[in-house]
Amino acid sequence: MNKSIIAPSLLASDFANLQHDIEMVNQSDADWFHLDIMDGVFVPNISFGMPVVQAMAKHAQKPLDVHLMIVDPDRYIKTFAKLGVHHLAVHYEACPHLHRTLQAIKAEGMKAGVALNPHTPVSLLEDIIQDIDIVIVMSVNPGFGGQSFIENTYQKVKDLKALIERKNSSALIEIDGGVNDANAKKLVDAGADILVAGSFVFKSENPTQTIKGLKEKIA
């Protein structure tokens, strides 16, 4: 894949003007919508649940990339599939039977993702990387938007890329947290395929232009 993907995170959008922000992403150069689902248990924050995802799906004209930061994600796989989600990522740390969870996601016709917290080494994916479509590397501690980027991420991406190539996997690497125009190019050069940008996009004066600028940086 030559073209890097930009996925604005709706966690940073204006929830009182959600449709406006979704239309902005629809009309922008962004590729996907990134939705962070938090349960207040796995991470110390609660974001939004099914009714909001359903409302987003109604207006979104680009793939929905859903990142579950929740315990026991298996309970909700079928529900997210019914809502029209395209990619569903679960946390490595929340899944004792990760292979089974990934198979269940794929059985519903979705791409299966695995997210890694900053302290979780990529080597733990050694035996499962061929079953994964997307690996989300958390470049901040999960739970809140607007945090600063963890510098070790570059090395982690390089290690993950090497593992993917060694195992002949087709997994894509997604970076979530603290992405901006200062680190976007470095992340893609290290091996990242997908960049999630939240606060950097939605808190900027001209989000459409910000997305365009990010795309140009990584083209």
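Data for the structure
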quantity: All positions within the range 44-73 that are small (Gly, Ala, Ser) and within 17 Å of the chain's Cα centre (by Cα); calculated: Ser47, Gly49, Ala57, Ala60
quantity: Selected residue [touching a residue at least 60 places away in the same chain (Cβ under 8 Å) and closer than 28 Å to Ser13 by Cβ] from His67, His59; calculated: His67
quantity: The range 123-145 residues that are in contact (Cβ under 8 Å) with a residue 24 or more places away in the chain and among the hydroxyl-bearing types (Ser, Thr, Tyr), paired with ones that are part of a loop (DSSP other than H, G, I, E, B) and crowded, with 19+ Cβ neighbours inside 10 Å (beta carbon under 9 Å, 6 or more apart); calculated: Ser139/Gly177; Ser139/Gly178; Ser139/Val179; Ser139/Asn183
quantity: Total residues in the range 95-109, condition out of contact with any helix residue (DSSP H, G or I) (no Cβ under 6 Å at 6 or more places or on another chain) and either buried (at least 18 other Cβ atoms within 10 Å of the Cβ) or β-branched (Val, Ile, Thr) (or both); calculated: 1
quantity: Residues that are over 22 Å from Leu116 (Cβ atoms) and polar (S, T, N, Q), drawn from the range 28-76; calculated: Ser28, Gln54, Gln61
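Rule-based calculations on the coordinates, nothing more; no lab input. This structure is a prediction, so every number in the text was calculated from the model and none was measured. As a convention, Cβ positions derive from the backbone with ideal geometry for all residues, glycine included, and neighbour counts pool all protein chains shown.
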